[in-house]
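To keep things clear, I will list the structure first and then write my remarks on it.
Every number here is computed from the coordinates shown, using simple stated rules; none is lab data. If you're wondering where the values come from, they're calculated on a predicted model, not measured in any experiment. Here the Cβ positions follow ideal geometry from the backbone for every residue, glycine too, while neighbour counts run over all protein chains shown.
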Amino acid sequence: MDESSPKHTPARALIEQDRVVLSTQVINEVCSNLIRKADYTEPEIQQTIQNLAAIYPILDITLPIIRQASKLRVAYRLSYWDSLILATAQDAGCSVVYSEDMQDNLKIAALIIRNPFKT
C-alpha cells in the first residue's frame, strides 16, 4: 500500500496488533489482487505467502467451516468468499473481523465486523 494513502496508517496499526490470524481465503484474495493490480510475478507471490506465514497463523478452510459458511450465507446474505472468512474466524474464536468490504458493525453471534477505514 502506498504510504501516502489515508488507509496506510490504520492498515499498518491493524497488522501490528497481537493475535492477528489470517484464513487461507484472505491469502487467496491478497494474492489475487497483487497479481491483478500490482502485476506481481509468481516468485513475488510465493515470497509474499512465505512472509505472511512467517508472521501470522494461517487458518485452513475445512469441511465444517464450509458448512458453517453456507449457514452464514443463508442467514446474512453474504458472498461465498466473505462467508468463508467469517466462518473461519468463528471457528478460530475471533471476536472481530476487519474488512472494508463487508457490512460495518454487523454482529454474527460473538463476532463483529469492523471497517478499519471508517471514520
### Task
Using the charge dipole of the chain (Lys, Arg: +1 at Cβ; Asp, Glu: -1 at Cβ; taken about the Cα centre), state which of His8, Val21, Ser95 has its Cα farthest towards the positive end.
Ser95
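Before rounding to the nearest 500, sum -39500 (n - 2.57) across all DSSP H runs of length at least 4 in the chain and divide by the residue total; then give [θ] at 222 nm in deg cm²/dmol.
-17000 deg cm²/dmol
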### Task
For a label point 7 Å from the Cα of Thr62 along Cα→C-beta, name the residues of the stretch 80-101 whose backbone N is under 11 Å from it.
91-92
### Message
Restricting to DSSP loop positions (anything but H, G, I, E, B) with no more than 10 other Cβ atoms inside 10 Å of their own Cβ, which GluC sites (Glu not before Pro) remain in the stretch 1-40?
### Response
Glu3, Glu16
### Summary
Quick calc of log₁₀ I(q)/I(0), the chain, Debye, one scatterer on every Cα, no solvent, q values 0.15 1/Å, result -0.74
### Summary
Of 47-53, 68-74, ordering from highest average Cβ density within 10 Å down gives 68-74, 47-53
## Note on the structure
Taking a crude spin-label model, label points 7 Å out from Cα along the C-beta direction, the Ala54 to Ala92 distance in nm is 2.0 nm
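Treating the beta-carbon of each Lys and Arg as +1 and of each Asp and Glu as -1, no other charges, what is the dipole magnitude of the chain about its Cα centre, to the nearest 20 debye?
Details: 12 positive and 14 negative charges, 123 e Å.
It comes to approximately 580 debye.
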### Query
Relative contact order, percent, of the stretch 19-114 when contacts are C-alpha pairs under 8 Å separated by at least 6 residues?
24 percent
### Query
Excluding same-chain residues fewer than 8 positions from Lys71, which lysines have a Cα within less than 16 Å of its Cα?
Lys107
